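What follows draws every value from the coordinates through simple rules; no lab data is involved. Note that the structure is predicted; figures quoted are calculated from it, not measured. When we count neighbours, we look across all protein chains shown, and the Cβ atoms used for this are built from the backbone with ideal geometry, even at glycine.
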Amino acid sequence: MKICVLPGDGIGPEIMAEAVRVLEALELGFEMEEALIGGGAVDATGTPYPEATSRLAKAADAVLLGAVGGPKWDTLPREQRPERGLLAIRKELGLFANLRPAILYPELANASSLKPEVVAGLDILIVRELTGDIYFGQPRGVEERGGERYGFNTMHYTESEIRRIGRVAFEAARKRGKRLCSVDKMNVLETTQLWRDVMTELAPEYPDVELSHMLVDNAAMQLVRAPKQFDVMVTGNMFGDILSDEASMLTGSIGMLPSASLDENNKGLYEPSHGSAPDIAGKGVANPLATILSVAMMLRYTFGREEAALRVEGAVKKVLAQGYRTGDIFEPGTSRVGTRQMGDAVLAAL
Ligand SMILES: NC(=O)c1ccc[n+]([C@@H]2O[C@H](COP(=O)([O-])OP(=O)(O)OC[C@H]3O[C@@H](n4cnc5c(N)ncnc54)[C@H](O)[C@@H]3O)[C@@H](O)[C@H]2O)c1
Ligand SMILES: CC(C)[C@H](C(=O)O)[C@@H](O)C(=O)O
Ligand SMILES: [Mg+2]
């Protein structure tokens, strides 16, 4: 069982070191091999997703990724930017289903941006389509038109792309609270009218799941007004990107939000939902729990090791109960720790 490890940029290597220690402590016999992606890859090879990384990722059973990007690379031509490396690996591996659970651990109720009573017991799964939408649409670019610069991108989905992510979401809802909310902007965008139509057409195959639809602006508002109305949410690439960051703050910090990006056969790339956090990189203060929880998702979805996944999640619950907090979730009365100490605490809890 091979895992391709891609630490990436900024806090990526710091949080990845802790996730790798957790994996090693489990002694499940995984073979891990590290490669370059993102800004570090651009610096070393001139491209954010080098051929060697692609080969390793394709040969592995799963990929564990830290984060990519940072101000150092923001002025490069678009094709050379670190973020393109991430989009390229998602596309090449066919990772169309991005699962982003937003779960409130009771110990973090006060760290949430919302009142404790509004978020108590929160457990939402955002299912984000990851290889289509305006992210990948052609044509795209910035051109000179009519004497001024003109920027354009194209939103598009085929019905089969919508159907396959719809099925993932319906199946997930079936295993959870049996409610699925599909989020679109059908009042303005044709692509998302198709999205709503296809979701509606799928619904009779899942009579045990209650399907509802919501416009994305309302969904953004409802997530902060009354988030517990949601069980599973399914949406396109861009809306899912935005709503999952929003949902993360309900759980206390984006440093707590893991993610799985899966293909048709549950081969997966696992990464925290956050970025490379350049503002805190190199300081040893980043929260490694989103990455450690991503390891748990990898054990569950790609390797079918449910008991090992529960062990990791149990260890995270335990360190929170013990009062360990990185800066992003710190509150008076708890113990502030750095990235490495948080990793130590998780290892001790394991
Ligand atoms: N999957 C990815 O690799 C990914 C995701 C999002 C953004 N990015 C890239 O990361 C760079 C920075 O983007 P950004 O600042 O908009 O978003 P970000 O998620 O990196 O950071 C947003 C805020 O959250 C904080 N934060 C994020 N992760 C944290 C953690 N584990 N512990 C504590 N605090 C944490 C940061 O310090 C920052 O204040 C950009 O280049 C962006 O393109 C990469
Ligand atoms: C870095 C960027 C390309 C990426 C995205 O937009 O998908 C990130 O924001 C994410 O959420 O994983
Ligand atoms: Mg994002």
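Remarks
- Average Cα contact separation per residue, the chain, under 8 Å, 6 or more apart, as relative contact order %: 21
- Region 100-257: antiparallel DSSP beta bridges as a percent of all, rounded to 5: 40
- Compactness ratio for region 100-257: Cα radius of gyration over 2.2 N^0.38 Å (N = residue count) comes to 1.13.
- Total formal charge among the other residues, if their Cβ is under 11 angstrom from that of LEU215, Lys/Arg +1 and Asp/Glu -1: 0
- The Cα atoms of region 26-106 define a convex hull whose projected area, averaged across directions, is 7.7 nm².
- In terms of overall dimensions, the C-alpha atoms belonging to region 171-287 reach 51, 33, 27 Å along their principal axes, ordered largest to smallest.
- In the calculated pair-distance distribution of region 62-154, the portion above 16 angstrom amounts to 72 percent of the Cα-Cα pairs.
- Whole-number percent relative contact order across region 15-91, with pairs defined as alpha carbons under 8 Å at least 6 apart: 34
- In region 100-257, Cα pairs under 8 Å separated by at least six residues give a relative contact order of 36 percent.
- GLY66 long-range amide H proximity, modeled H, under 5 Å: LEU6, GLY8
- Ranked by how many other beta carbons lie within 10 Å on average, peptides 123-136, 297-310 from highest: 123-136, 297-310
- Proxy reagent accessibility, fewest Cβ within 10 Å first, across PHE230, PHE152, PHE96: PHE152, PHE96, PHE230
- In units of the compact-protein estimate 2.2 N^0.38 Å, the chain shows a Cα radius of gyration of 0.97.
- Under-5 Å amide H pairs with VAL234, H placed in peptide plane, nonlocal only: VAL127, CYS181, SER182, VAL183
- The chain, helix-only ellipticity at 222 nm - DSSP H runs n ≥ 4, -39,500 (n - 2.57), divided by all residues, nearest 500: -12500 deg cm²/dmol
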